[in-house]
1. What tally of residues in segment 265-287 results from selecting those that are within 23 Å of Glu353 (Cβ to Cβ) and surrounded by 13 or more Cβ atoms within 10 Å (Cβ to Cβ)?
2. Assess whether Thr345 counts as being in contact with a Leu (Cβ under 8 Å, 6 or more places away or on another chain) and of a type outside the set (Asp, Glu).
3. Listed residues Ala379, Ala390; which is surrounded by 21 or more Cβ atoms within 10 Å (Cβ to Cβ), of a type outside the set (Phe, Trp, Tyr) and out of contact with any Lys or Arg (no Cβ under 9 Å at 6 or more places or on another chain)?
4. Any idea how many residues of segment 316-362 are under 27 Å from Ala55 (Cβ atoms), within 17 Å of the chain's Cα centre (by Cα) and among the β-branched types (Val, Ile, Thr)?
5. Scan Val204, Val219, Val197 and give me the residue that is crowded, with 22+ Cβ neighbours inside 10 Å and under 18 Å from the mean Cα position of the chain (by Cα).
6. In segment 402-431, how many residues are buried (at least 18 other Cβ atoms within 10 Å of the Cβ) and in a strand (DSSP E or B)?
7. Kindly list, by first and then second residue, each pair from a residue in segment 131-143 that is on the phi > 0 side of the Ramachandran plot to a residue that is assigned to a helix (DSSP H, G or I) and surrounded by 19 or more Cβ atoms within 10 Å (Cβ to Cβ), limited to pairs with Cβ atoms under 8 Å and residues at least 6 apart or on different chains.
8. Would you be able to tell me the number of residues in segment 135-176 that are under 30 Å from Ile316 (Cβ atoms) and assigned to a loop (DSSP other than H, G, I, E, B)?
Amino acid sequence: KLLVSELEERGREDLVERIIFVATPQAGTPKALAGLLHGDKLNIASGIILDKDTARGFAENMSGAYNLLPSKKYFEKVETPVIEFSDEVDDIYDFQKLYGKDIDSFDEMKSFLLGDDGQRSDPSFSDTDSPNVLSNSLFSKATNLHSEIDDWEAPEGMKIIQIAGWGLDTISGIKYDNCDLYFCNGLSNLDRKLAIVQDGDGTVVTASAVVMSDVDYYVDLKKYNRLGGFQVNREHADILEIDSLQDFISNLIENKDELTSYIKDDKPEVKNEDKRLRLRMHSPVDVHLFDEEGSHTGVTQNPNPDSDLRMFEEEIPNSYYWEFGETKYLGSDGDGVTNVDLIGTGMGTFTFEIDEVLGEETENTTVFSDIPVFEGMEAELEINEGEVSAMEIDLEGDGIVDFSLSPGDDTMNAQASLLILEKILNDLTCHKSVKQPLVQRMIQVKRLLEDEKTQPAKNILESMVNHLEAVNKRNDIEKLGISEEEIDVLINIISKINN
């Protein structure tokens with residue numbers, strides 16, 4: 001657009017007969033918010049995850065990143081908010097007093113990104129959980145740029161052709177919530193989740209790629225990845241690798257408006273029978289998906305053992321792997337059998353949510369909630385046409401199933417949580433003055449529960465929390481072989497079991 005404007009000034013717009021926009025984020029994309037605010041979902045190359053503090057540091061000092069933020073034109077074309085706040089967020093910061101329940105206008109977004117007009121301070125470099133405060137000058141430059149291009153109209157006789165990718169899960173916004181930790185205060189404890197739509201190419205929502213009102217075409221990425229991609233998923237970043245799209249662009253250049261495979265001249269619609277699986281894992285657990293052919297989606301090992309970069313792959317057709325805050329997001333078509341492997345990466349609790357989506361509605365959600373976990377613990381389950389099996393837990397990582405958890409079975413889950421907690425306490429390497437009282441009280445809890453003495457058992461669990469809180473206040477805690485963070489995690493595990 002800027003090039004044509006310059007040619008117009010020179011009186012040479014006749015040099016351009018037609019302009020073809022392919023998957024262009026003309027009005028910006030909400031995905032840019034995730035990168036600039038938290039360093040989330042910023043990959044420096046396909047299959048490589050950049051750590052969040054470095055990613056956010058790059059983004060907030062790059063004018064190009066600001067140019068991808070939703071513009072005023074975006075809010076004219078898209079009704080869904082780019083940021084939402086739950087009522088519980090008020091316990092941390094009164095965003096709702098400033099913006100209501102959501103941000104659905106350019107002016108509100110600007111105020112939020114610039115620190116609530118100066119009321120909110122810039123977080124430290126490593127504090128990627130607190131919403132970032134962006135550069136006023138870079139934001140203004142991006143706004144000025146969009147003011148030039150958003151309302152641009154092509155000279156008479158020049159044809160504008162827009163080609164948008166469609167059919168892939170795409171970020172449409174951020175939802176802020178209160179955290180679920182035992183101690184939860186300050187902006188660094190905000191929990192955040194993604195709002196997702198199928199109306200996009202994995203990066204750009206469709207409406208942003210077709211903001212002008214000339215000729216529009218759509219690449220059915222969902223169908224291509226399932227039928228024509230030879231198990232190579234294509235999305236926004238590599239949409240031009242699709243052969244049929246290359247052929248179609250060649251036709252357009254030759255003034256032949258002949259459609260090729262997977263190219264539509266009417267926007268596709270999500271059908272009621274269309275299936276999607278959307279999975280969310282709240283850390284500390286790695287999640288791996290496998291389809292019936294053995295294709296894998298999830299993190300992979302970096303071949304360079306000295307590198308601190310993390311890697312992932314998305315081999316299953318129409319699958320993805322995203323990390324957003326402390327949550328891993330995975331998705332796939334949901335056809336056939338999907339096997340899920342879980343591997344603990346640290347001590348804590350995990351909540352695993354599985355959405356079965358039909359059309360544009362979530363038909364069913366299966367939740368395994370607040371399960372204690374430690375490094376090396378393994379679990380697996382199967383999803384077959386929306387039916388979720390029991391989760392089989394292997395405590396030792398030796399291939400032997402120690403017990404199974406059925407979704408929604410609170411009694412079984414409580415028993416399993418106690419077994420996992422017992423394993424965690426027995427494996428502690430801290431000073432005996434910290435460990436032994438916990439182990440002894442755990443034995444008491446088991447005996448009381450065997451005798452169906454629930455309330456006395458709950459009292460003992462509460463005393464374990466009190467013991468840990470007392471340890472946390474000691475001046476010589478560094479000599480006890482346990483950190484404040486580990487104590488907080490243990491308190492959180494015990495408190496959730498005791499609810």
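The values are calculated or read from the model by the stated rules, or taken from the named source; none is laboratory data. The shown structure was predicted, so the numbers you read here are calculated from the model rather than taken from an experiment. FYI the Cβ positions are ideal-geometry reconstructions off the backbone, even for glycines, and counts take in every protein chain you see. Side chains included, ligands, DNA and RNA excluded: accessible areas come from the protein's heavy atoms. Shrake-Rupley method; radii C 1.70, N 1.55, O 1.52, S 1.80 Å.
1. 15
2. Taking the combined requirement at face value, the residue does not satisfy it.
3. From the options Ala379, Ala390, the qualifying one is Ala379.
4. Residues that pass the stated criteria total 2.
5. Exactly one residue qualifies, and that residue is Val204.
6. Looking only at that region, the number is 1.
7. Sorted first by the residue in segment 131-143, then by its partner, the list stays empty.
8. Total satisfying the criteria: 2.
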